[in-house]
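Data block below; observations after.
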There are 4 protein chains.
Amino acid sequence: MLGCKLALKEDNIDQRTIINIPGGQKTVTIGEGHCTIIAGPCAVESREAYLEIALIMKEMGVHILRGGAFKPRTSPYSFAGLGEKGLKILAEARELTGLPVVTEVLDIREMEKVCYYCDIIQIGSRNMQNFPLLKEAGRSGKPVILKRGFAATIEEWLFASEYILQAGNNQVILCERGIRTFESMMRNTVDIGAVALLKNLSHLPIIVDPSHATGKRELVKPVARAAVSAGADGLIIEVHQNPDKALSDGPQSLTPDLFADVARDIKKLAQLYNKEC
Amino acid sequence: MLGCKLALKEDNIDQRTIINIPGGQKTVTIGEGHCTIIAGPCAVESREAYLEIALIMKEMGVHILRGGAFKPRTSPYSFAGLGEKGLKILAEARELTGLPVVTEVLDIREMEKVCYYCDIIQIGSRNMQNFPLLKEAGRSGKPVILKRGFAATIEEWLFASEYILQAGNNQVILCERGIRTFESMMRNTVDIGAVALLKNLSHLPIIVDPSHATGKRELVKPVARAAVSAGADGLIIEVHQNPDKALSDGPQSLTPDLFADVARDIKKLAQLYNKEC
Amino acid sequence: MLGCKLALKEDNIDQRTIINIPGGQKTVTIGEGHCTIIAGPCAVESREAYLEIALIMKEMGVHILRGGAFKPRTSPYSFAGLGEKGLKILAEARELTGLPVVTEVLDIREMEKVCYYCDIIQIGSRNMQNFPLLKEAGRSGKPVILKRGFAATIEEWLFASEYILQAGNNQVILCERGIRTFESMMRNTVDIGAVALLKNLSHLPIIVDPSHATGKRELVKPVARAAVSAGADGLIIEVHQNPDKALSDGPQSLTPDLFADVARDIKKLAQLYNKEC
Amino acid sequence: MLGCKLALKEDNIDQRTIINIPGGQKTVTIGEGHCTIIAGPCAVESREAYLEIALIMKEMGVHILRGGAFKPRTSPYSFAGLGEKGLKILAEARELTGLPVVTEVLDIREMEKVCYYCDIIQIGSRNMQNFPLLKEAGRSGKPVILKRGFAATIEEWLFASEYILQAGNNQVILCERGIRTFESMMRNTVDIGAVALLKNLSHLPIIVDPSHATGKRELVKPVARAAVSAGADGLIIEVHQNPDKALSDGPQSLTPDLFADVARDIKKLAQLYNKEC
C-alpha cells in the first residue's frame, strides 16, 4: 500500500481529518471526537412523506438527512428514484429543518446538479471503482461519503479515496456498509474489523451503515452499537414512516419509534467514549 | 432451518440457556445478563509460564482460563502442543487460581482425558463439522464451546450445535471467531451481525474471539468492545507474557498490560448494558 | 429471477442469439456453433507495438483484436491508457489487419468516441453495475462485451445485461473473467460452472477471459481449454510481445509463441465440439 | 509454502506420483497419462440397489466404484449411511464386478474397518483439517483421496496432504470438489484454475468431483469436460438409478443413461489429450 500517498496517516503522527459540513442552520462536524448520525429513508418517495420524516428526524436529534434521488437498482424494472424532483425535495427539507442533506450521485453528468442541491455527495458501493466519477467528485470540492464496494479490499477502498483526494478534495468520509460473503442469512457481512483497522491506518473519518450491512431491521441497533464501539465516527441509518410500504429497502428500514430507541443507545455510548453526539 | 429443533428458540418465547461452570472456586456463569471473560495464552508452552500468566489473569478479573494442549496446525511441522502434559498444567493452574479451565479437544480418542482435566471443552473451527467428535462431546456432559467453522453458514453452525444438544448435552456455548473472506489485511472477518442474529434466533449463549477474528493485537480492543455491544455474552482473548516469543499466534496475543486495558473497557461496557462482569 | 425478461431463454425453446460483428474485412460471428478468439495486449501502449502485435495476431488466426485505450486502475498513479490516441491506433490496426477491434469504455462521456473508432465496446468488471453506462451502451447499438463483476452473482449479471437489452440493443456477449474468493494464489477464481449454467439459462453468447481469471501466464492454456469444454463461445486472451515490459498485466500476458500453442489447442477442441474456429 | 516439503515438486523436475490401486480384478492406475473414472451413488442405500448400479457402472467402463457407508450430514436428522453394513456391500460389489471400491471414513475409530473392506479411503471436505484422521490415514498405507475443504486455500490443502505423506504414505490423490463463494445458484464454485495450478506445483494426482462442485445434474457433463481439459487425472461422479428417490444428493446425481453420455465425451477428450481412459 506504499503507493497510497494521501489517504494514509504519516508514520507516527496521529493525524485526523475533521470535516465541517456547511449548508444547514449550523455547521455539522464529522471526524474524531464526534459521533454523527445521518438518517432518513432509502429513497425520496414523495414531497409530503419526505418533509414529514425530515421533521421527525430533526426532532430526534439527527445531524444530517439522507434520501436517494437516484437509486442504483439491480433490475431495470425497479423504482429508480425521482431524479431531479427528488433533489429539489431534499433542498426543501434542508430549508425546513436546517439540517444538511446527503444523496447519492450515480451519473457523472448529474454531478453538478447534485452538488447544487445537496451538501454531501455519496458514491455508492457499485461505483466505488467508477474512476471518472471519483475524479469528478474530487473536483467538485463537496464532502464525499465513499461507500466500500461490497467486494472491495481495504486497499482498493483506500485507493478509491485517493482518486478523490488527489483531485484536490480532502473531504472524504469512508463508509463501511457490509461486504459480500457466503453467508446468506443477512444481506451483507459488516466488516467491523475494517473500521478498527482504518482508524489506525487512515486519517479519514469512517462511518457505518448498519441498515445495508444487515438488511434486517432488528439487527440495526446491535450493529450500530458495535460500530460505534469499534471506533466509527458516525452512522447512516434508514428510517421510514411505513417500512412495509417502502419502495426500496423496506425490510431494513426502522420505524421512527425504533430509530428513537437506537439513537438513545448511541448517545449513551458516545458519552462513554467522550464523543459529541 | 425448520429441521433444527433444539438450538432455536421456540416461537415467541425469549428462552435463554444459562450455563453454570463448576470446577473452580466458585461457579462461573455464561449466558444472558453476564459478560464472561476467558483469557490466557494460545498454547500451554511450559508449566512455569502458564502458572505465571494464570495468576496474572486471575488478578485482572478473568473468569475462566484458556490454554491449548492440543493445537491444530496447518503444517505438520509446527508446534502442536504439549498434549497430556499440557492438560495436567491446566489442572494445576485451576488449583492455583480457583478458575475453571477450557481447552480444545482435537482427537476423539482423547475426549475422556480432556474431560478429566478440564472444565469446558472446546471444539475448534476446523472440527465444527467433525460429527463423531460433536456427538462424543454431547455424550460427555461437559460444557462445550463450539467455534464457528471459518466458512460455515449460521445454519450449519446451529446444526453442528444440534449434534451436541441431541446427544443430551444442552451446555453449548457458540463462539464467533471470524469467517474467511477475500479481505487479506486481517486473519479473518469477524461477523458481528451473526452475533446479533443468533441472540434473536437461538437460546444458546454466544461469545466472541477477537484474537483469531482479526489476527492483530491492536484490533483486539475495538473488536472486543464491538462484540459486547452487539450482544455477545462473553469474550475469549489470547494473552501472552511475551507475544514475540509465543510458539503460536504471537501477532494477535496481548501483553498483560494491553489486556488490562481491554478488560477495563469491557467492564465499563458491561455496566452500561447491565451485565455482570 | 422472474423479473429478468429479456436475457433468459423462453421456456422449452433453445433460443440462441448470434451476433455478427461488422467492421473488419469479413463479418465475424459470436455465438452458438462458433469459437471466437479475441486477443491482443491489455493496453495499447504505442502505435508501433500495437500494429506489430495486431499483425501477428492476424497471422495466428485471431478473429478480433483487443487493446485498452482507457484502463481502469486501482491506483490513480498507474498507467491509465493512451485515451483517444489509443482509439485511433485501434482503428488503424483494423485497417491494417481487416480484423474488428474491441476496447473498454470507462466514462459515459466518451461513449460516442469509442463507438466511432471501435467495433465492439467492452464494459469492464468494475462497471458491471454502472447503470447509466449500461443504458448508454444499450442506446449505442454496438455489440457489447459485458464482463461479470468480480463479486456479482449470476442473477445480477443477467440483470445488468437486461439494462442493455431493454434499451433496445440485443447484441450482448457475456464474459466470465473470474470472481473474487478467499484463494490468493491466483488473481481470481474462474467460475467455469457459471459458463455451463448460463448456456442453459440464457440465449446470450458467453466467452471467457482466462488471462484475468488466473493472473498467471502458465494457467491460460489449461483454463482456456476448460472454458471451451464447458461450452464457452469464445475466449479473450492477453498477448504481449514482451510481457515483462508490459505497462499492465504483464504476469498474465502470453508471448506470441505461447499464444500460438494455446490457439492450436483451442482449434482442435473446437473441431471436437463441431464449432467453427 | 516453503514448509511444504513432500507434496511439492522439486525444482525443475517434472516429478509425477503414479498410484496403482490393487484390490480389483486388474490394477487400476491414477496419475499422469491416465483419466480414471470413479462413479456410483452418493450413499450405499441397499444391497440390491448397490450391486445393480455397480454392474451397470462396470459395463459403462467405470474404473473404480464409489459409495458412502458413513455420510457426513449437516443435520443430525438426515440419513447418515448404513455404516458397517454398507462397507460389506461395497466389498461384495468388488467381488461381483472386479472393480476396486472407495468410501469415505469419518470416524478415526473406524479407520481399520474401512481399510479392511475398501481399496481407497476418502477424506471428505469437512475433515480436510481433521489432523488426527489425516495422520491415521497416513499410517494406514492405503491410497487416500483427499477432498479439498470447501474454504481451504490451496496451501492448506497441500499441507493437509503433507500430514498423510509425512506419516509415510505417498499414495495421495487430491480431489477438487468446489469451494464456497457468494454465488448461490450452484452448490459450490468449482475452482478449475486450482486444478491447473496444482498440476504445476505438486507431483500428486488430482481429480475433480463435478457432482458436488455444482449440485446440478445438468452441469456435470460440461464441468467434467472442463476438468479433464484443465488437466485433471480423473473424475468422481455420482450416479443413481433413480435420483429423485436418492436418500442424499439426488439433484446432482446422474441417471445411468446420462452418465453413459458423459463417459463417452470424456473418453473422446482423453484420446485427444493422449490419456488412457
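Consider the range A:108-127 and keep the residues that are within 7 Å of chain C (Cβ to nearest Cβ) and under 18 Å from the mean Cα position of the chain (by Cα). The one that is nearest to A:ASN170 (Cα to Cα) is A:ASN127.
Assess whether C:ILE266 counts as being out of contact with any Asp or Glu (no Cβ under 7 Å at 6 or more places or on another chain), crowded, with 20+ Cβ neighbours inside 10 Å, more than 9 Å from every other protein chain (Cβ to nearest Cβ) and within 25 Å of C:PRO100 (Cβ to Cβ). So C:ILE266 fits the description; yes.
On the stretch given as the range B:201-230, residues that are surrounded by fewer than 24 Cβ atoms within 10 Å (Cβ to Cβ) and without any contact (Cβ under 8 Å) to a residue 40 or more places away in the chain total 3. The single condition among (1) surrounded by 22 or more Cβ atoms within 10 Å (Cβ to Cβ); (2) among the hydroxyl-bearing types (Ser, Thr, Tyr); (3) within 23 Å of B:THR17 (Cα to Cα) that B:THR181 does not satisfy is (3).
Residue check: is B:ALA7 at pLDDT 95 or above and either among the β-branched types (Val, Ile, Thr) or under 21 Å from B:VAL114 (Cα atoms) (or both)? When the stated conditions are applied, B:ALA7 does not pass them. Considering B:GLU32, B:GLU59, the condition of being more than 24 Å from B:ASN169 (Cβ to Cβ) and among the charged types (D, E, K, R) is satisfied by B:GLU59 alone.
How about the range C:81-107: which of its residues are within 14 Å of chain A (Cβ to nearest Cβ) and among the acidic types (Asp, Glu)? Of everything in the range C:81-107, those that are within 14 Å of chain A (Cβ to nearest Cβ) and among the acidic types (Asp, Glu) turn out to be C:GLU104, C:ASP107.
Candidates are the residues of the range D:84-102 that are without any contact (Cβ under 8 Å) to a residue 40 or more places away in the chain and either within 19 Å of the chain's Cα centre (by Cα) or part of a strand (DSSP E or B) (or both); the one that is nearest to D:CYS42 (Cα to Cα) is D:LEU87.
Give me the residue from the range A:123-150 that is in contact with a Cys (Cβ under 8 Å, 6 or more places away or on another chain) and under 15 Å from A:VAL28 (Cβ atoms) and, out of that set, surrounded by the fewest Cβ atoms within 10 Å (Cβ to Cβ). Residue satisfying both the conditions and the ranking: A:LYS142.
From the list B:CYS277, B:CYS175, which residue is of a type in the set (A, V, I, L, M, F, W, C) and in contact with a Cys (Cβ under 7 Å, 6 or more places away or on another chain)?
Just a single option satisfies the conditions, and that option is B:CYS277.
Would you check if there is a residue in the range A:65-77 being farther than 25 Å from A:GLY178 by Cα and more than 13 Å from chain C (Cβ to nearest Cβ)? Within the range A:65-77, none of the residues are farther than 25 Å from A:GLY178 by Cα and more than 13 Å from chain C (Cβ to nearest Cβ).
In the list B:VAL208, B:VAL195, B:VAL172, which residue meets the criterion of being of a type in the set (A, V, I, L, M, F, W, C) and more than 21 Å from A:ASP265 (Cβ to Cβ)? Spell out the reasoning first.
Working: B:VAL208 fails: more than 21 Å from A:ASP265 (Cβ to Cβ); B:VAL195 fails: more than 21 Å from A:ASP265 (Cβ to Cβ).
None of the other options fit; the residue is B:VAL172.
Considered as a group, the residues in the range B:160-179 that are within 18 Å of the chain's Cα centre (by Cα) and in a loop (DSSP other than H, G, I, E, B) include one that is nearest to the other protein chains (Cβ to nearest Cβ), and that residue is B:GLY178. Pairing residues of the range C:174-193 that are under 23 Å from C:LEU6 (Cβ atoms) with residues that are of a type in the set (Gly, Ala, Ser), at Cβ distances under 7 Å and at least 6 apart in sequence or on separate chains, gives C:LEU174/C:SER161; C:GLU176/C:ALA194; C:ARG177/C:SER125; C:ARG177/C:ALA213.
In the range A:199-219, of all residues being aliphatic (A, V, I, L, M) and not in a loop (DSSP other than H, G, I, E, B), the one that is farthest from the other protein chains (Cβ to nearest Cβ) corresponds to A:ILE207. Within the range B:55-80, being aliphatic (A, V, I, L, M), touching a residue at least 40 places away in the same chain (Cβ under 8 Å) and not in a loop (DSSP other than H, G, I, E, B) holds for B:LEU55, B:ILE56, B:MET57, B:ILE64.
Buried (at least 22 other Cβ atoms within 10 Å of the Cβ) and at negative phi: does that describe D:ALA167? Before the answer, list the steps.
Working: buried (at least 22 other Cβ atoms within 10 Å of the Cβ): no; at negative phi: yes.
It is false that D:ALA167 is buried (at least 22 other Cβ atoms within 10 Å of the Cβ) and at negative phi.
Table: residues versus (1) among the polar types (S, T, N, Q); (2) away from chain D (no Cβ under 14 Å); (3) not in a loop (DSSP other than H, G, I, E, B).
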{"residue": "B:GLY3", "(1), (2), (3)": "no, no, no"}
{"residue": "B:GLY23", "(1), (2), (3)": "no, yes, no"}
{"residue": "B:THR29", "(1), (2), (3)": "yes, yes, yes"}
{"residue": "B:ALA39", "(1), (2), (3)": "no, yes, yes"}
{"residue": "B:TYR50", "(1), (2), (3)": "no, yes, yes"}
{"residue": "B:ILE53", "(1), (2), (3)": "no, yes, yes"}
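Within the range C:128-159, the set of residues being within 10 Å of chain A (Cβ to nearest Cβ) and touching a strand residue (DSSP E or B) at 6+ places or on another chain (Cβ under 6 Å) comprises C:PHE150 only. For the condition touching a Lys or Arg at 6+ places or on another chain (Cβ under 8 Å), away from chain A (no Cβ under 14 Å) and loosely packed, with under 15 Cβ neighbours inside 10 Å, C:GLY61 qualifies.
Looking at the range B:184-198 only, could you name the residues that are at the interface with chain A (Cβ under 8 Å from one of its Cβ atoms) and surrounded by 23 or more Cβ atoms within 10 Å (Cβ to Cβ)? Within the range B:184-198, B:THR189, B:VAL190, B:ASP191, B:ILE192, B:GLY193, B:ALA194, B:VAL195, B:ALA196, B:LEU197 meet the criteria.
Of all residues in the range D:20-50, those satisfying the criterion of being without any contact (Cβ under 8 Å) to a residue 60 or more places away in the chain and in contact with a helix residue (DSSP H, G or I) (Cβ under 6 Å, 6 or more places away or on another chain) are D:VAL44, D:ARG47, D:TYR50. If only residues of the range B:220-252 that are more than 21 Å from B:THR36 (Cβ to Cβ) and among the aliphatic types (A, V, I, L, M) are counted, the one that is nearest to the other protein chains (Cβ to nearest Cβ) is B:LEU247. Specify the residue that is surrounded by the most Cβ atoms within 10 Å (Cβ to Cβ); the eligible residues are those in the range C:239-257 that are assigned to a loop (DSSP other than H, G, I, E, B), touching a strand residue (DSSP E or B) at 6+ places or on another chain (Cβ under 9 Å) and not charged (D, E, K, R). Here the answer is C:HIS240.
The values are calculated or read from the model by the stated rules, or taken from the named source; none is laboratory data. Being a predicted model, the structure only gives us computed values, none of them experimental. Heads up, the Cβs are rebuilt from the backbone with ideal geometry, glycines too, and the neighbour counts pull from every protein chain shown.
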